[in-house]
Amino acid sequence: MGRIAYVNGRYVPHGEAVVHIEDRGYQLADAVYEVWALFGGKLADPEGHFARLERSLGELSIAMPMSRAALTMVLKEAVRRNRVSEGSVYLQVSRGVAPRDHAFPNPEVRPAMVVTVSRVDRAASDARAAKGIAVVTTPENRWGRCDIKTVGLLPNALAKQKARAVGAVEAWFVDELGFVTEGASSNAWIVDGDGRLRTRDTNANILRGVTRHTLLDLIRNEGLEVDERPFTPADAVAAKEAFITGAGSLVLPVVAVDGKPVGDGKVGPLAMRLRRLYIEQAKAAAV
Ligand code: PDD
């Protein structure tokens, strides 16, 4: 059975799914998105992603295309029609279609909405986690509102390609003070020499990762210490462990930064434990 996409009210074969050439998402990146991991065909961290979607739209004065309940139905119907159990759902909402003009259309137009569903091979991701990944660093060059999950991802795409070109999986942005902000599509963490977890605080110009947030709750429940304090690439190399989090990567150990091994260069036990904990709770709380 072929893939199905949802486009502005219709479920259509993926290969025939199209948006208008004057969709503002296409011309101006005037659009936001969300990605939910799917476990057993259910949406992981539903509340966190819906709340962030509403916030991203609100910050840009784009209306919610439909109620949260209706949106949930569309996402679940898209998943059902694609018969995907393990994977992810992608939702994109743009300001809509209007003759090209930088300022907002007046009168307002209806937001445009697209949903796609992808399958992932969880056995392959588990194998990747067991091996750990390499990351590279790259100068932070994004705009000042990375807390809004917009489709304006060109710096992220270029950073990811820089990683891919040398066989790494993720790129970490480094700000002008030398601190890691986050990954091109994930949040960045280390376990420092004292065994304390460190990740950048959300007052910095980063995306407030939903996986990051859920994991922070789990970590605190485990009685572990977290320090939301910036770290440098050198701190990461000197650390015991490093990992990334996101709806795509879940919790993924990092074993090298810019070609230098993190700690002893092996996948860390805490990162693997947090990966298991996260997946277990995400499965249990999925809707
Ligand atoms: N990316 N930081 C950035 C820049 C991201 O793009 C993402 C997610 C994250 C992690 O956020 P969350 O835990 O809410 O997924 C952090 C998604 C998965 C993507 O672009 O495909």
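The values are calculated or read from the model by the stated rules, or taken from the named source; none is laboratory data. The structure displayed is predicted, hence computed values, not measured ones. Counting neighbours? That spans all protein chains shown, and the Cβs are built from the backbone with ideal geometry, glycine included. Areas reflect the complete protein model, heavy atoms only, side chains present, ligands, DNA and RNA absent. Shrake-Rupley method; radii C 1.70, N 1.55, O 1.52, S 1.80 Å.
Straightening the chain between Arg276 and Arg122 buys 54.2 nm, computed as 0.36 nm per residue apart minus the Cα-Cα spacing. Restriction of the GluC sites (Glu not before Pro) in the range 164-205 to DSSP coil positions whose beta-carbon has at most 11 other beta-carbons within 10 angstrom yields Glu176. Taking the inverse of the mean 1/r over every pair of distinct Cα atoms in the range 125-285 gives a Kirkwood hydrodynamic radius of 15.4 Å. The angle separating the long axis of helix 46-59 from the principal Cα axis of greatest extent in the chain is about 70 degrees. I'd like the orientation of helix 269-285 relative to the chain: the angle between its Cα long axis and the longest Cα principal axis, in ° from 0 to 90, rounded to 10. For 269-285 against the chain, the angle is about 30 degrees.
Dimensions of the chain from C-alpha coordinates, computed as largest minus smallest value along each principal axis and given longest first, are 56, 40, 35 Å.
Each Lys and Arg Cβ is given +1 and each Asp and Glu Cβ -1; about its Cα centre, the range 158-204 then shows a dipole of about 240 debye.
The C-alpha atoms of the chain define a longest principal axis, and helix 122-131 lies at about 30 degrees to it. With the convex hull of the Cα atoms taken as the outline of the range 4-120, the averaged projected area works out to 7.0 nm².
Placing +1 on the Cβ of every Lys and Arg and -1 on the Cβ of every Asp and Glu, with nothing else charged, gives the chain a dipole about its Cα centre of roughly 940 debye. Can you figure out the FRET efficiency of Ile21 with Asp258, using R₀ = 45 Å and their beta-carbon distance, to the nearest 0.05? Calculated value: 0.65. Solvent exposure of Trp143, expressed as accessible area, is near 130 Å², computed with a probe of 1.4 Å over the protein chains only. Remark: the Arg208-Asp194 segment gains 2.5 nm on full extension, using 0.36 nm per residue and subtracting the alpha carbon distance.
The length gained on full extension between Lys266 and Ala29, counted as 0.36 nm times the residue separation minus their Cα-Cα distance, comes to 81.4 nm.
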